[in-house]
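**Student:** Here it is, the structure in full.
The values are calculated or read from the model by the stated rules, or taken from the named source; none is laboratory data. Quick caveat, the model's predicted, so the values are computed rather than measured. When we count neighbours, we look across all protein chains shown, and the Cβ atoms used for this are built from the backbone with ideal geometry, even at glycine.
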Amino acid sequence: MGILSGLRLYTAMARTTLQSRAIYRANFGLSLVFNSIMVTAELIVTLLLVHRVHGILGWNTAQVMLLFGMATTSGGTYRTFLSELSYFDKYLVNGEFDAVLTRPVPAWLAVAGRSVDPDQIGLVIEGMAIVAVSGTILGIFRLDAWLVIGELLAAVVSGTLIWMAMVTALAALGFWTTRVDTLQPMVLYGPQTAATFPLSVYPTDIRMLFYSIFPVAFGTYLPAMVILRKGPGAVMVLVSLFAAAAALALALRFWRFAVRHYTSTGT
Amino acid sequence: MSERTQTRSPIIVADNLEKTFFRGRGRKAVQIPAVKPLSLTVEPGEFIGFLGPNGAGKSTTIKMLIGILEPSGGTVHVDGLIPAKHRVHLALRLGVVFGQRTQLWWDLPLLESYRLLKVMYRVNEADYRRQMETLVELLDLSSFWHTPVRQLSLGQRMRGELAAALLHRPKILVLDEPTIGLDVTAKSDVRRFLLRENRERRTTIVLTTHDMSDVEELCTRIVVINQGIKMFDGTVNHLEERTGALSALHVTFQTTPLWDAINLPGIEHLSSDDDRSVLLHYNRRQFTPPQILEQIREAGRIEDFRMEEPRLELIMRTLYEGDGRLGE
Ligand SMILES: Nc1ncnc2c1ncn2[C@@H]1O[C@H](COP(=O)(O)OP(=O)(O)OP(=O)(O)O)[C@@H](O)[C@H]1O
Ligand SMILES: [Mg+2]
């Protein structure tokens, strides 16, 4: 399927999903408030922690806040576009996936089309606000503002792709195990939360995991190092983008392999 | 897709198709051979009744035909494609209805579902209009066109599902129990529609059902499977020739009859609703009703009798319950 027809299909499916979600629209304001309380609480805890230890290995409070803001933004973006995939096992358990597979649409695209969730946009806005505030405190926009903004955007894209890759791989595991929800905290939310802190706080072998099996480093830490001019050159932003895209491509291959092991349900 | 290529070659070819499920994990895993090597050939324009008792493997076979399940063994080609491999491509040529489960968007009116299907199946505006007009008329959709699917009655929903499956004018229609739970009128509406689709548009249809009158009215050929094995493949008449033309006679006596006098060779005494009546199964080619009545006169005074004609249902029952061998 070509990119263009894929996009057309996706748009049509997303529109339909939005229409059916509109029926429960009363939720929007509520989840906005709820999300922002959650994010603020998490941020406060993180910052208190950093403040207590007088910064983490050369990262001051504002820098950690920037990292946190970047992670929140890409997490929110992924949730806005691919939320269903995190509870994908329900499709497998109740056989709803049968209906997905009868349509002339690649299965992943069809699930993505059902995933659009505008309620999560609040997270993106909050993440961006945190980035803006901390960035201003740090003065990163003073010189080369456009370059920095470009780097931030690229970072959000890689962060989102990493989320998508990890969620896709995990959802694909659901074709073999019914324990995906017990794995989720460990292999998805764990690494993603870890990535809201400077990865230098972790022992080397754990840090290596974050560059390989759970490649969260490319979504937050590595680009943030570039943006904060902590050593790595601007090319690392592109490397991160490339790594994130490769991770998603790999996850999608695994997904397609998994779909062929779908066993459906008896009635 | 609007023009039909009139090829002579079969549209569905299954060759030793197999599916084994595993229940449980690791060493304790149990194998469930749902479909044992099954071969089947369907020509374009056929209306196949795919029959068998609960758990026979009908749905499993259908899921392999449309690419939802990958076969454990054997091969299958549908319109020249390998379903599990070319699923997306094949789906463009298939219409699928699962009676047990909706394929429509639960919260949306039918109209919105169709708009999306139009994009999914790459139907152009003119074809969409034309086909929609036909479907709305034939299936009488206009009265609930704007109602969310979850508020539709089962009969309305099923009409909606059929329209959804036919919007893109598929070459092949696959229906897994499309008449389940429908009342008499809804059933006959669905049947009339399917008959027209098959006879006028030459759409190949594969249908599973437990309702033998669906089969009698619609199918040009039946395939019976039991425990994953094909037991019969041919026309209804052909099946009757092989199993004996089963008929039933329901007899009511004035008082409780002498049961012993009803035990006649070649006539099966099946069931009775009360202690005064009896249901007899016999072969139409062997006996006539007057002959039977004559023979059971000894049992008591007959008050009433009536012929029952659920021919296929009787045949199926003997097929499902028996050892599966067809009397030759
Ligand atoms: N997804 C599945 N996983 C495990 N076992 C299954 C699965 N689907 C079906 N089976 C088993 O395979 C056998 C065949 O089931 P199938 O659903 O194909 O029967 P069927 O002929 O459609 O029956 P029915 O008339 O009840 O719909 C049954 O023993 C069933 O329990
Ligand atoms: Mg079934």
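**Student:** Taking the condition part of a helix (DSSP H, G or I) and in contact (Cβ under 8 Å) with a residue 24 or more places away in the chain, does A:Ala217 pass?
**Tutor:** no
**Student:** Starting from residues that are touching a helix residue (DSSP H, G or I) at 6+ places or on another chain (Cβ under 7 Å) and more than 22 Å from A:Thr46 (Cα to Cα), keep the ones in the stretch A:185-232 and report whichever is surrounded by the fewest Cβ atoms within 10 Å (Cβ to Cβ).
**Tutor:** The residue in question is A:Gly231.
**Student:** Restricting to the stretch B:17-56, what's the tally of residues that are within 9 Å of ligand 1 (Cβ to nearest atom) and touching a Leu at 6+ places or on another chain (Cβ under 8 Å)?
**Tutor:** Number satisfying all stated conditions: 3.
**Student:** Please specify each residue of the stretch B:13-48 satisfying the condition of being closer than 19 Å to A:Phe175 by Cβ and of a type in the set (Phe, Trp, Tyr).
**Tutor:** B:Phe21, B:Phe22
**Student:** So the check is Cβ under 8 Å with 6+ separation or different chains; which pairs have a first residue in the stretch B:208-223 that's more than 14 Å from chain A (Cβ to nearest Cβ) and a second one that's in a helix (DSSP H, G or I) and within 13 Å of ligand 1 (Cβ to nearest atom)?
**Tutor:** From the stretch B:208-223, the pairs are B:Met212/B:Met316.
**Student:** State all residues of the stretch B:188-232 that are of a type in the set (Phe, Trp, Tyr) and on the phi > 0 side of the Ramachandran plot; if no residue qualifies, say none.
**Tutor:** none
**Student:** Just checking, does the stretch B:71-89 include any residue being closer than 13 Å to B:Thr20 by Cα, buried (at least 24 other Cβ atoms within 10 Å of the Cβ) and of a type in the set (A, V, I, L, M, F, W, C)?
**Tutor:** Checking the stretch B:71-89: not a single residue is closer than 13 Å to B:Thr20 by Cα, buried (at least 24 other Cβ atoms within 10 Å of the Cβ) and of a type in the set (A, V, I, L, M, F, W, C).
**Student:** Also, quick follow-up: Give me a count of the residues in the stretch A:3-15 that are surrounded by 17 or more Cβ atoms within 10 Å (Cβ to Cβ) and modelled with pLDDT under 90.
**Tutor:** The total comes to 0.
**Student:** Among the candidates A:Val259, A:Val237, which residue alone is in contact (Cβ under 8 Å) with a residue 60 or more places away in the chain, within 14 Å of chain B (Cβ to nearest Cβ) and within 23 Å of the chain's Cα centre (by Cα)?
**Tutor:** A:Val259
**Student:** Sort through A:Ala155, A:Ala145, A:Ala165 and tell me the only one that's more than 21 Å from A:Leu43 (Cβ to Cβ), modelled with pLDDT of 95 or more and not polar (S, T, N, Q).
**Tutor:** The match here is A:Ala165.
**Student:** Which of (1) surrounded by fewer than 22 Cβ atoms within 10 Å (Cβ to Cβ); (2) within 30 Å of B:Asp176 (Cα to Cα) is the odd one out, the single condition A:Ala172 does not satisfy?
**Tutor:** Answer for A:Ala172: the failing condition is (1).
**Student:** Also: So which residues in the stretch A:220-267 are within 16 Å of ligand 1 (Cβ to nearest atom) and either not β-branched (Val, Ile, Thr) or not in a helix (DSSP H, G or I) (or both)?
**Tutor:** A:Ala258, A:Arg260, A:His261, A:Tyr262, A:Thr263, A:Ser264, A:Thr265, A:Gly266, A:Thr267
**Student:** Need at least 2 residues that are of a type in the set (D, E, K, R), surrounded by 19 or more Cβ atoms within 10 Å (Cβ to Cβ) and away from ligand 1 (no atom under 16 Å from the Cβ) per element, so show me which strands (runs of 3 or more DSSP E) inside the stretch B:190-283 make the cut, counting only ones lying wholly within it.
**Tutor:** Here the list is empty.
**Student:** Restricting the search to the stretch A:76-112, which residues are of a type in the set (Gly, Ala, Ser) and either under 24 Å from the mean Cα position of the chain (by Cα) or modelled with pLDDT of 90 or more (or both)?
**Tutor:** Result: A:Gly76, A:Ser83, A:Ser86, A:Ala99, A:Ala107, A:Ala110, A:Ala112.
**Student:** Same structure, new question: Kindly establish whether B:Asp107 is among the acidic types (Asp, Glu) and part of a loop (DSSP other than H, G, I, E, B).
**Tutor:** yes
To keep it simple, each residue is scored yes or no on (1) without any contact (Cβ under 8 Å) to a residue 24 or more places away in the chain; (2) within 16 Å of ligand 2 (Cβ to nearest atom); (3) of a type in the set (Gly, Ala, Ser); (4) within 8 Å of chain A (Cβ to nearest Cβ).
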{"position": "B:Ser59", "(1), (2), (3), (4)": "no, yes, yes, yes"}
{"position": "B:Leu65", "(1), (2), (3), (4)": "no, yes, no, no"}
{"position": "B:Ile68", "(1), (2), (3), (4)": "yes, yes, no, yes"}
{"position": "B:Gly73", "(1), (2), (3), (4)": "no, no, yes, no"}
{"position": "B:Leu81", "(1), (2), (3), (4)": "yes, no, no, no"}
{"position": "B:Ala91", "(1), (2), (3), (4)": "no, no, yes, yes"}
{"position": "B:Gly95", "(1), (2), (3), (4)": "no, no, yes, no"}
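**Student:** Name, by its number, the condition in (1) in contact with a Phe, Trp or Tyr (Cβ under 7 Å, 6 or more places away or on another chain); (2) in a loop (DSSP other than H, G, I, E, B) that does not hold for B:Arg169.
**Tutor:** Of everything listed in (1) in contact with a Phe, Trp or Tyr (Cβ under 7 Å, 6 or more places away or on another chain); (2) in a loop (DSSP other than H, G, I, E, B), B:Arg169 misses just condition (1).
**Student:** Looking at the stretch B:120-154 only, could you name the residues that are more than 14 Å from every other protein chain (Cβ to nearest Cβ) and assigned to a loop (DSSP other than H, G, I, E, B)?
**Tutor:** B:Asp140, B:Leu141, B:Trp145, B:Leu152, B:Ser153
**Student:** Being more than 13 Å from chain A (Cβ to nearest Cβ) and out of contact with any Asp or Glu (no Cβ under 7 Å at 6 or more places or on another chain) is the filter; apply it to the stretch B:167-179 and report the residue that is nearest to ligand 2 (Cβ to nearest atom).
**Tutor:** B:Pro178
**Student:** Can you find, within the stretch B:104-119, the residue that is farthest from the other protein chains (Cβ to nearest Cβ) among those that are buried (at least 20 other Cβ atoms within 10 Å of the Cβ) and touching a strand residue (DSSP E or B) at 6+ places or on another chain (Cβ under 7 Å)?
**Tutor:** Among those residues, the one meeting the criterion is B:Pro109.
**Student:** Right, another one. Sort out for me the helices (runs of 4 or more DSSP H) sitting completely within the stretch A:11-110 that have 2 or more residues that are among the polar types (S, T, N, Q).
**Tutor:** Per the criteria, A:27-52, A:61-86.
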